Amino acid sequence: MEVSRRTVLAGAAVAPLAAGVPGPAEAVAAQGEGYLVGVGIADVTGPAAECGMMGYSMPQQQTAGIHLRTRARAYIVVDGAGTRICYVNADLGALFQSVHQGVMAKLAAAHGDLYTERNVLLNATHTHAGCGGSSWYVAYNLSILGFQRQTYDAQVDGIFEAIQRAHADLQPGEITLGRSELTDASVNRSRVAFELNPQPDKDHFPLSIDPAVTVLRFSRSGQDIGAICWFATHGTSMTNGNKLISGDNKGYAAYAWEHDHAGVRYLDGPPGFVACFPQTNSGDMSPNLNLKPGSGPTDDEFENTRIIGQRQFDAAKRAFDAAAEPIGGALGSRLSYVDMSGVTVDGKYTPDGRTHRTAPAAIGVSMLAGSTEDGPGLPLPEGVRNPFIEALGGADAPIPRALAGEQAPKLVAVPFGLMKPYPWAPEMLPLQIVRLGQLYLVGGPAEYTIVAGLRIRRTVAAELGVPLENVLMQGYANAYSQYVTTPEEYDSQQYEGASTLFGRYTLPAYQQEFAKLASAMRTGAAVPHGPAPRDLSGDQLNFQPGVVLDSAPPLKKFGDVLTEPKRAYRRGEQVVAEFVTGHPKNDLHRNGTFLEIQRLVGGAWTRHADDGDWATKYRWTRTFLAQSKATITWDIPDGTPFGSYRIVHSGDSKAPGGTITPFRGTSRAFVVS
């Protein structure tokens with residue numbers, strides 16, 4: 001049955017490798033031979049104005065400036081036998097399959113089969129304050145008004161550049177493992193569903209959160225060069241009313257650590273230390289400790305972002321400083337594509353011990369309501385169920401009887417998997433396990449609740465014969481297909497259950513398929529590639545208006561100062577300057593900046609801060625038709641050196657003929673005393 005694209009989503013769309021033969025390093029441990037390690041960082045910031053933001057699926061939430069640039073951070077490890085693993089964490093709402101395919105194509109062109117979809121793991125921090133439109137699927141582009149080429153290119157190019165820099169940085173080094181716990185940076189936003197799980201599962205999380213902090217410490221010749229810190233909490237400290245690009249709490253944590261350690265600015269070149277804060281099983285973990293958007297621990301979303309980020313940094317630093325367990329042994333990886341819409345699941349993995357099947361993708365009515373704790377959508381209650389399947393089978397119902405039954409007790413709102421000409425969300429999904437010595441990363445293309453992640457970890461750990469703590473659930477990896485709950489959680493049809501696309505037995509299907517990968521890794525067997533994902537690059541639409549031209553107000557030119565700073569400020573005060581500007585889409589200034597806070601040092605103006613710094617904000621406002629202004633603020637931090645400063649704005653204007661011309665504007669000097 002064909003299903004038309006229903007208008008119910010128009011106002012609130014969706015919230016959101018080739019397998020190889022094992023290398024010799026998987027048979028012979030590399031311990032004692034050492035590793036080569038390399039780190040790299042690059043900018044993935046998309047259009048800073050009039051681009052839909054990815055995460056909350058609110059069409060009115062379009063970018064209007066930058067608070068904190070978003071980055072991709074790459075880590076490459078090579079063992080003594082030449083086996084390598086490439087790990088990338090990016091400040092994105094999701095790592096879409098389209099971006100994964102784009103990066104893989106660029107890597108193949110540059111390196112042949114050195115970096116493949118089997119030994120490269122790409123994942124997202126899940127910030128809800130980044131640019132959208134990089135997916136090839138309607139579900140994730142609908143509220144963005146279609147595919148946005150600038151966003152896509154910024155993400156693909158930035159991730160590729162980060163990998164290139166890590167590749168060029170490879171040198172002999174060491175990796176050590178550290179652990180700690182963090183209990184005041186997350187709260188379970190779906191407690192009703194969590195409580196339906198069996199008692200042994202709940203006993204594993206007595207606070208109903210996952211407090212585990214796991215850190216890898218990268219060093220060379222006694223000098224620290226990087227860190228990866230896994231912790232589960234959503235990137236939703238910034239609300240759906242925010243329009244400034246930000247890496248959210250994990251972006252702040254990375255920024256704070258890199259600047260605290262290296263003491264240099266990004267535009268000076270790669271920092272001396274690269275820190276990233278990836279997710280694990282954070283599907284039901286919220287940073288909004290008061291269970292209200294933008295609330296907890298304060299009622300200021302910017303301050304919440306900083307505090308939750310700082311707490312992650314502090315916990316990571318404790319684990320980092322105490323890291324004493326050397327990572328040693330073989331590197332390895334397995335990856336296979338699975339059609340998650342049609343998996344027959346053995347009773348070994350299902351709650352009732354019987355065989356079941358997954359179903360074509362569909363979202364439930366409760367999904368349209370959004371997560372009321374992080375970002376509500378349509379005014380609908382969570383927990384909407386369908387206890388009577390026949391209620392959906394009427395002649396006027398748009399949902400086939402069979403699908404309604406397969407997805408029960410979900411009350412199906414939109415059957416993504418049955419949409420034409422192709423599904424609204426991917427179903428040919430990459431499942432991956434990566435081995436770094438004694439640590440195993442289970443790369444899954446979804447948001448897993450803490451108990452869902454626990455069950456997958458238990459399955460993989462048992463198959464590999466390794467301790468549970470050495471298996472991490474790496475969510476948001478290599479593609480995106482919304483949520484995965486336990487079957488028990490699914491029954492409550494909270495937001496997470498309604499967003500579990502492939503039905504009640506989605507998690508058991510993942511357990512079964514990850515067990516196959518783990519078995520292959522343990523025995524050294526190859527795994528089938530599985531069904532190839534679609535390439536939809538030539539079938540994309542964009543309804544977001546572009547930049548026609550820019551114009552300056554009468555008697556003004558681009559770069560002119562509209563509002564000058566005061567003559568003098570004290571630490572803790574805010575400096576404000578406004579400039580005549582052009583549209584940020586004319587040039588994204590990726591790996592650059594729209595602003596500089598310059599300080600007079602030795603008679604020369606030197607850059608002190610830019611739009612990648614926490615203390616600055618760049619806001620873009622359309623003032624009249626093709627006219628716009630840039631408002632730049634600087635909250636002078638404690639410890640800022642006394643002296644003379646000025647603000648410089650860099651922008652670009654588009655002429656009626658399409659010519660784009662860069663410009664700069666400079667404020668008058670002011671004193672910080």
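Taken residue by residue, segment 199-215 has at least one member that is in contact with a strand residue (DSSP E or B) (Cβ under 8 Å, 6 or more places away or on another chain) and of a type in the set (Asp, Glu). Give the residue that is nearest to Ser371 (Cα to Cα), with candidates limited to residues of segment 494-545 that are surrounded by fewer than 23 Cβ atoms within 10 Å (Cβ to Cβ) and hydroxyl-bearing (Ser, Thr, Tyr). Top of the filtered list is Ser537.
Name the one entry in Val365, Val345 that is in contact with a Pro (Cβ under 6 Å, 6 or more places away or on another chain) and either crowded, with 22+ Cβ neighbours inside 10 Å or among the hydrophobic types (A, V, I, L, M, F, W, C) (or both). Give the steps one after another, and end with the answer.
Working: Val365 fails: in contact with a Pro (Cβ under 6 Å, 6 or more places away or on another chain).
Val345 is the lone residue from the list that is in contact with a Pro (Cβ under 6 Å, 6 or more places away or on another chain) and either crowded, with 22+ Cβ neighbours inside 10 Å or among the hydrophobic types (A, V, I, L, M, F, W, C) (or both).
If only residues of segment 585-599 that are hydrophobic (A, V, I, L, M, F, W, C) and outside any loop (DSSP other than H, G, I, E, B) are counted, the one that is surrounded by the fewest Cβ atoms within 10 Å (Cβ to Cβ) is Ile597.
Limited to segment 266-314, what total is found for residues that are among the hydrophobic types (A, V, I, L, M, F, W, C), surrounded by fewer than 23 Cβ atoms within 10 Å (Cβ to Cβ) and over 29 Å from Phe594 (Cα atoms)? Number of matching residues: 2. Only a single criterion out of (1) surrounded by fewer than 15 Cβ atoms within 10 Å (Cβ to Cβ); (2) among the hydrophobic types (A, V, I, L, M, F, W, C); (3) more than 28 Å from Asn242 (Cα to Cα) is not satisfied by Leu625, namely (3).
Within segment 630-647, can you find the residues that are surrounded by 19 or more Cβ atoms within 10 Å (Cβ to Cβ) and more than 12 Å from Val576 (Cα to Cα)? Residues satisfying the conditions are Thr640, Tyr645. Against the list (1) within 23 Å of the chain's Cα centre (by Cα); (2) under 22 Å from Arg165 (Cα atoms); (3) part of a loop (DSSP other than H, G, I, E, B), the condition Asn240 fails is (2). Of note, Thr593 satisfies the criterion of being within 22 Å of Thr305 (Cβ to Cβ), of a type in the set (Ser, Thr, Tyr) and touching a helix residue (DSSP H, G or I) at 6+ places or on another chain (Cβ under 8 Å).
In segment 393-464, counting only strands (runs of 3 or more DSSP E) that sit wholly within it, the ones holding 1 or more residues that are in contact with an Asp or Glu (Cβ under 6 Å, 6 or more places away or on another chain), modelled with pLDDT of 95 or more and buried (at least 24 other Cβ atoms within 10 Å of the Cβ) span 428-436. Annotation note: of Gln101, Gln97, the sole residue that is in contact with a Pro (Cβ under 6 Å, 6 or more places away or on another chain) and within 19 Å of Pro430 (Cα to Cα) is Gln97.
The values are calculated or read from the model by the stated rules, or taken from the named source; none is laboratory data. No experiment lies behind these values; they were computed from the predicted model shown. As a convention, Cβ positions derive from the backbone with ideal geometry for all residues, glycine included, and neighbour counts pool all protein chains shown.
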